[in-house]
Amino acid sequence: MMMKKIVVPALILAVAAGCSGGAGKQADVKSAEQAAVEDTTPVTLKLFIGVPIVDKDIETLIIEPVKKKYPYISIEVVRSGKGTTIAELVAAGQSPDLLYSWNGGLPVYKEFDLLYDLTPLAKKAKTDLARFEPTIIDSLKAISDKGELYALPFSEDLSALFYNKDIFDRTGVPYPKDGMTWEDAAEIARKLSFVERGVQYRGLDMETIMRLRGAFGITYIDAKTEKASINTDLWRKVFETAKAVYAVPNNKPANLLAYGSKPAFLKDQTLAMIATNNMLNQGLEDAGKKGLQWDIAQYPSFKEKPNVSGHVAAHLVAITKTSKYKEQAMKVLETVTSDEVQTISARTTARISSLKNTVIKKQLGADMPFLQGKHVEAFFKSTAIPSPIYSQYEEINTDAYKIVMQSFKDYFEFKDVNTALREAEEKINQFLDGKRK
């Protein structure tokens with residue numbers, strides 16, 4: 001049986017205090033303490049993992065802190081897989097209580113009617129939204145129809161330019177500096193792209209054209225109209241910039257259709273520069289043990305968008321509409337976004353805090369010896385603009401995504417940019433028409 005909080009009207013307490021003197025004040029305090037009693041009935045909350053995070057970090061940053069503060073709350077982790085996709089869980093009546101995702105992924109959960117407005121819970125818990133980066137909160141609210149808040153941000157995925165110091169040293173090229181444009185970076189790449197003893201060394205990779213579009217806050221599907229939105233001047237700029245980088249002699253990646261450059265940087269160590277999101281805790285320590293000498297510079301920017309690395313990309317935790325334990329779930333959100341946990345996250349996993357707290361941000365990677373002396377400040381040299389609203393169909397590996405990637409490949413190899421974008425627009429609309437039938 002669920003315990004309920006006892007709410008004592010303030011008027012009754014005031015009258016009691018006035019009639020009884022000191023004894024009344026003691027009764028007042030005792031009543032207030034009773035009113036603050038929380039429901040400690042043991043509950044298990046199911047946490048669905050929708051974006052990558054390793055088990056160790058889930059344990060350190062979510063499960064352990066929650067268990068320490070609220071011993072009666074247990075977390076059961078459910079990862080997406082065969083039989084446990086969000087669609088399958090909803091169909092089976094096993095919807096999770098909590099979602100670990102990113103802002104661009106929320107529209108998918110919205111289609112399953114899982115999103116829940118946290119505003120009433122946040123007010124009741126006296127959650128201070130002013131603690132968070134305002135652009136992140138604004139990006140989260142923009143997803144809703146009436147300014148509802150569907151999640152609290154856990155971390156922010158900022159970007160930087162990682163570079164292999166050995167390749168620079170061997171060629172005598174100065175290390176990249178903060179404040180470069182994409183044209184500057186491409187020019188450096190010309191000096192670092194070569195073939196030596198049958199091995200291709202590439203100067204620069206941005207992993208995918210999808211990262212480049214972030215600085216303009218553009219999508220290839222309009223989320224409101226569910227129509228293609230790729231045949232535009234800004235997408236033309238993205239295509240042309242990406243081609244200028246990859247067309248540098250000896251700098252073309254093996255596969256223009258997929259993310260695939262991190263192994264070349266971390267494992268093969270044949271890529272001089274990779275412009276990507278935060279990967280401080282994604283293989284760099286092991287790569288360093290195997291000889292990779294690396295550092296970081298500010299993410300390159302467009303001349304039209306100086307010092308803008310992209311749009312808001314925040315990992316977050318949401319409470320589902322179907323959860324029977326929303327107040328307990330809110331305690332989880334409060335815990336993982338607390339200063340204490342955010343500090344642990346920054347210091348031990350090099351995640352960039354979603355809080356405005358500069359003291360926490362300055363502790364990025366402080367307890368990770370292999371990051372000592374690295375120019376991690378580069379992450380904070382750029383700003384992230386508010387995120388656009390994503391369509392549920394604008395997810396990696398959907399047919400629409402594949403159409404965009406193929407259209408860029410066609411443009412790179414033989415088509416003019418206008419034709420490539422026009423045909424992509426037509427194909428994406430055909431794909432969307434099929435979804436509406």
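The values are calculated or read from the model by the stated rules, or taken from the named source; none is laboratory data. The structure presented is a predicted model; accordingly, all values stated were derived computationally and were not measured. Virtual Cβ from ideal backbone geometry, glycine too; neighbours counted across all protein chains shown.
Results for (1) modelled with pLDDT under 95; (2) acidic (Asp, Glu); (3) within 22 Å of the chain's Cα centre (by Cα), shown as yes or no for each residue.
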position: LYS177; (1), (2), (3): no, no, no
position: THR208; (1), (2), (3): yes, no, yes
position: ASP233; (1), (2), (3): no, yes, no
position: ALA242; (1), (2), (3): no, no, no
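Looking only at the stretch 227-238, decide whether some residue is farther than 29 Å from LEU271 by Cα, among the hydroxyl-bearing types (Ser, Thr, Tyr), assigned to a loop (DSSP other than H, G, I, E, B) and outside the structural domain of LYS146 (by TED's automatic domain parsing).
Yes; the residues of the stretch 227-238 include at least one that is farther than 29 Å from LEU271 by Cα, among the hydroxyl-bearing types (Ser, Thr, Tyr), assigned to a loop (DSSP other than H, G, I, E, B) and outside the structural domain of LYS146 (by TED's automatic domain parsing).
Can you tell me which residue is farthest from the chain's Cα centre (by Cα) among those in the stretch 342-363 that are assigned to a loop (DSSP other than H, G, I, E, B) and touching a residue at least 40 places away in the same chain (Cβ under 8 Å)?
The residue in question is ASN357.
Considering LYS409, LYS374, LYS435, which residue is under 30 Å from ALA287 (Cβ atoms), part of a helix (DSSP H, G or I) and not small (Gly, Ala, Ser)?
LYS409
Six or more apart or on different chains, Cβ atoms under 6 Å: show the pairs whose first residue is in the stretch 396-415 and in the same structural domain as ASN429 (by TED's automatic domain parsing) and under 19 Å from PHE431 (Cα atoms) and whose second is surrounded by 16 or more Cβ atoms within 10 Å (Cβ to Cβ) and hydroxyl-bearing (Ser, Thr, Tyr).
Every condition considered, the pairs that remain are ALA400/TYR393; VAL404/TYR220.
Filter the stretch 120-138 down to the residues that are out of contact with any strand residue (DSSP E or B) (no Cβ under 7 Å at 6 or more places or on another chain) and within 22 Å of GLY50 (Cβ to Cβ) and list them by number.
LEU121, ALA122, ILE137, ASP138
So, in the stretch 310-341, exactly how many residues are in a helix (DSSP H, G or I) and touching a residue at least 40 places away in the same chain (Cβ under 8 Å)?
Summing the residues that are in a helix (DSSP H, G or I) and touching a residue at least 40 places away in the same chain (Cβ under 8 Å) in the stretch 310-341 gives 13.
Quick check: anything in the stretch 66-82 assigned to a helix (DSSP H, G or I), without any contact (Cβ under 8 Å) to a residue 24 or more places away in the chain, under 20 Å from THR335 (Cα atoms) and not assigned by TED's automatic domain parsing to the domain that holds GLU395?
Checked against the condition, which is being assigned to a helix (DSSP H, G or I), without any contact (Cβ under 8 Å) to a residue 24 or more places away in the chain, under 20 Å from THR335 (Cα atoms) and not assigned by TED's automatic domain parsing to the domain that holds GLU395, the stretch 66-82 yields at least one hit.
Could you please find all residues in the stretch 88-129 being of a type in the set (Phe, Trp, Tyr) and in a loop (DSSP other than H, G, I, E, B)?
PHE112, TYR116
From the set of residues in the stretch 270-294 that are assigned to a strand (DSSP E or B) and more than 16 Å from ILE188 (Cα to Cα), which is modelled with the highest pLDDT?
Filtering first and then ranking leaves TRP294.
Given the conditions (1) more than 30 Å from TYR246 (Cα to Cα); (2) crowded, with 16+ Cβ neighbours inside 10 Å, which single one is not true for GLY434?
(2)
Identify all residues within the stretch 15-62 that are in a helix (DSSP H, G or I), surrounded by fewer than 12 Cβ atoms within 10 Å (Cβ to Cβ) and at pLDDT 70 or above; write none if there are none.
Listed by number, the residues that qualify are ASP55, LYS56.
Please state which one of ASP113, ASP97 is more than 26 Å from ALA384 (Cβ to Cβ), in the same structural domain as LEU333 (by TED's automatic domain parsing), crowded, with 22+ Cβ neighbours inside 10 Å and of a type outside the set (Phe, Trp, Tyr).
Within the list ASP113, ASP97, the selection yields ASP97.
Looking only at helices (runs of 4 or more DSSP H) that lie completely in the stretch 130-225, which have at least 3 residues being crowded, with 22+ Cβ neighbours inside 10 Å?
134-142, 182-192
Tally time: how many residues in the stretch 241-299 are more than 20 Å from LEU364 (Cα to Cα), in contact with a Phe, Trp or Tyr (Cβ under 9 Å, 6 or more places away or on another chain) and among the β-branched types (Val, Ile, Thr)?
Matching residues across the stretch 241-299 total 4.
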